[in-house]
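S.K.: If you scroll down you'll find the structure; I have some questions about it.
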Amino acid sequence: MSITNSEVSQKLYIETYGCQMNVSDSEVVASVLKDKGYIITEDINEADVILVNTCSIRENAEQRIWGRLDVFKQIKKKKPELTIGVIGCMAERLKEKLLEEEKTVDIVVGPDAYRDLPHLLETAETGQRGVNVILSKEETYGDISPVRLDKNRISAFVSIMRGCNNMCSYCIVPYVRGAERSRNPESILKEIEDLFNTGYKEVTLIGQNVDSYIWESEKENLPAGKQGETMKFAQLLEKTAKINPQLRIRFSTSHPKDMSDDVLYTMAMYSNICNYIHLPAQSGSTKVLTEMKRGYTREYYIDRINAIKRILPDSAISSDIMTGFPGETEEDHQETLSLMEFVNYDFSYMFKYSERPKTYAARHLKDDISEGTKSRRLTEIINLQTKLSEKSKKADLGRVFEVLVEGISKKSSEHFFGRNSQNKVVVFPKNNYNIGDYVFVEITECTSATLIGVLVK
Ligand code: SF4
């Protein structure tokens, strides 16, 4: 029996955890189900279906979901016909076990199986619980127009590829998101044009490792003598920048071993490609990087940083730093601190190593750094980064930046906030401007997190 639009007018509530890919996936899920007549609601109490899009990157990310499932269980006690679904990376990691451990969960769906959601929800309504955690080598959801769930309608994520082939020894992503596959550039550019034509002013191209984006056009249907086209990330970036100079382009996440100078020169050529790169180092020690199977050395990473500073001198750089990896010595830790000082990061995401099941590290490397040492090292890294962020903001005092207005400041309804090209948050008086406008702000003060300024013509 197939489902028609008129048959399903159930209220769907989606709760999203984790990375930008999950935010983008929830918009794909919303689109797949909206097409079947589901109505998106932001009120959990009026939901007929609750889907929680989960993250598995660290243990505490999963702990949070178990906590949410307890809350959903209470809601279901009052509303037994409620359908609860766990989707995303934790669903992919735990599979059927989630159904065994949590009786209130009706369906478990992995990141590559969202097209199957209407069918799984239909069977769940008959009381049959369902699982689909098949990973795909082809699936990119390229033909699905995401339903935007963001509030400001100014900035959107656009997924350009899925999965990851890097197999860093600590990382669960390849196991829960599968092998790398790049999306057809035509569908990416179409999605971005549609976004711009509906008022969006900024897109962030996302993928686990955008630098390994590669699209080869089919060879079989080409006219005689015509070569297949290969498009790499630098070319895709250029085509995106050419859509409209009023459209800002950002991208994440880069990988040091794959980031080419082509990408940097393309950024330098187009002023609407933002002057910001997120380049996760994870560690400053070549010994630890080798154990992490990151595929580069400290020296190679520094070479990439020097290339960024040479080709894009006014760019901001952020990183991911992990502390307490198995076997990390005090010297290794000092190398991480000295690398941070050398790069002078504007910002970093900083974590303690969290052993993830099935990863190479979990199978072969003893989690031998004590919790106390991990915490002490993380504190030192955070304190250093706070100093570096402050220094980076102080260097902006007196400078004028073009800022995209994104919303009303949390601290004052008379002020807007937005980000400059370097991805730094700027707060300034609203005057008669609107969300979505580009304004010029002279920086007059700063905190370690925010730039504050006045509007200039
Ligand atoms: S590049 Fe490494 S850390 Fe990043 S998603 Fe891939 S395997 Fe994980």
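S.K.: Counting pairwise Cα distances across the chain, what percent come out greater than 41 angstrom?
M.R.: Summing the P(r) of the chain above 41 Å gives 20 percent of all pairs.
S.K.: Quick one: what do you get for region 400-456 if you divide its Cα Rg by 2.2 N^0.38 Å?
M.R.: In units of the globular-protein estimate, region 400-456 measures up at 0.95.
S.K.: Could you grab the relative contact order for region 11-132? Cα pairs under 8 Å, six or more apart, rounded to a whole percent.
M.R.: The value is 24 percent.
S.K.: Another question, if that's okay. So for region 84-243, considering every pair of alpha-carbon atoms, how many percent are separated by more than 20 Å?
M.R.: 60 percent
S.K.: Let me check I have the definition right: for region 11-132, take the eigenvalues of the Cα gyration tensor, multiply each by 5, take square roots. What are those semi-axes in whole Å, largest first?
M.R.: So the equivalent ellipsoid measures 18, 17, 14 Å along its semi-axes.
S.K.: I would also like to ask the following. Carbon and sulfur: what percent of region 318-457's accessible surface (1.4 Å probe)?
M.R.: For region 318-457, the apolar C and S fraction of the accessible surface comes to 54 percent.
S.K.: Another question, if that's okay. Determine the order of Tyr114, Tyr265 by accessible area, beginning with the largest, at a probe radius of 1.4 Å.
M.R.: Ranked list, largest accessible area first: Tyr265, Tyr114.
S.K.: When you count, for each residue, the other Cβ atoms within 10 Å and take the mean per peptide, how do 152-161, 9-18, 190-199 rank with the highest first?
M.R.: Top to bottom by mean Cβ count within 10 Å: 152-161, 9-18, 190-199.
S.K.: With only Lys, Arg, Asp and Glu charged, each at its Cβ (+1 for the first two, -1 for the last two), find how big the charge dipole of region 400-456 is about the Cα centre; round to the nearest 20 debye.
M.R.: 200 debye
S.K.: With a cut-off of 8 Å between alpha carbons and a minimum separation of six or more residues, what is the relative contact order of region 74-176 in percent?
M.R.: After rounding, I find 23 percent.
S.K.: Can you give me the relative contact order of the chain as a percent, contacts being Cα pairs under 8 Å and 6 or more apart?
M.R.: RCO, the chain: 10 percent.
S.K.: With θ taken as phi - 60° and the coefficients 6.51, -1.76 and 1.60, list the Karplus ³J(HN,Hα) couplings across region 102-111 in order, rounded to whole Hz; mark glycine and proline as x.
M.R.: For region 102-111, the Karplus curve yields 10, 4, 7, 7, 9, 9, 10, 10, x, x Hz.
S.K.: Next question. Among the listed pairs Lys374/Lys394; Lys137/Lys232; Lys190/Lys410; Lys232/Lys352; Lys257/Lys309, which have their C-alpha atoms separated by more than 23 angstrom in this model?
M.R.: Lys374/Lys394; Lys190/Lys410; Lys232/Lys352, as the Cα separations exceed 23 Å there.
S.K.: Could you rank the peptides 318-324, 436-442 by their average count of other C-beta atoms within 10 Å per residue, with the highest value first?
M.R.: Ranked from most to least packed, the peptides come out as 318-324, 436-442.
S.K.: How much area per residue is accessible in the chain when the probe is 1.4 Å and only protein heavy atoms are counted (Å²)?
M.R.: About 44 Å² of surface per residue is accessible.
S.K.: 5 Å is the cut-off here: which amide hydrogens, built 1.01 Å from N in the peptide plane, fall below it relative to Gly407, excluding neighbours closer than 5 in sequence?
M.R.: Phe417
S.K.: If you don't mind, there's one more thing I want to ask. Mind listing the long-range amide H neighbours of Ala316? Cut-off is under 5 Å, sequence gap 5 or more, other chains count too, H placed in the peptide plane at 1.01 Å from N.
M.R.: Those qualifying (amide H under 5 Å, at least 5 residues apart or on another chain) are Tyr276, Ile277.
S.K.: Could you tell me what percent of the DSSP beta bridges with both partners in the chain are antiparallel, to the nearest 5?
M.R.: Of the beta bridges lying entirely in the chain, close to 35 percent run antiparallel.
S.K.: On the accessible surface of region 11-132, probed at 1.4 Å, how many percent belong to carbon and sulfur atoms?
M.R.: Using a 1.4 Å probe with all protein chains present, region 11-132 comes out at 49 percent carbon and sulfur.
The values are calculated or read from the model by the stated rules, or taken from the named source; none is laboratory data. Because the structure is a prediction, the values reported are computed rather than measured. Note: ideal-geometry Cβ built from the backbone for every residue, glycine included; neighbour counts use all protein chains shown. Only protein heavy atoms, including side chains, enter the accessible area calculation; ligands, DNA and RNA are left aside. Shrake-Rupley method; radii C 1.70, N 1.55, O 1.52, S 1.80 Å.
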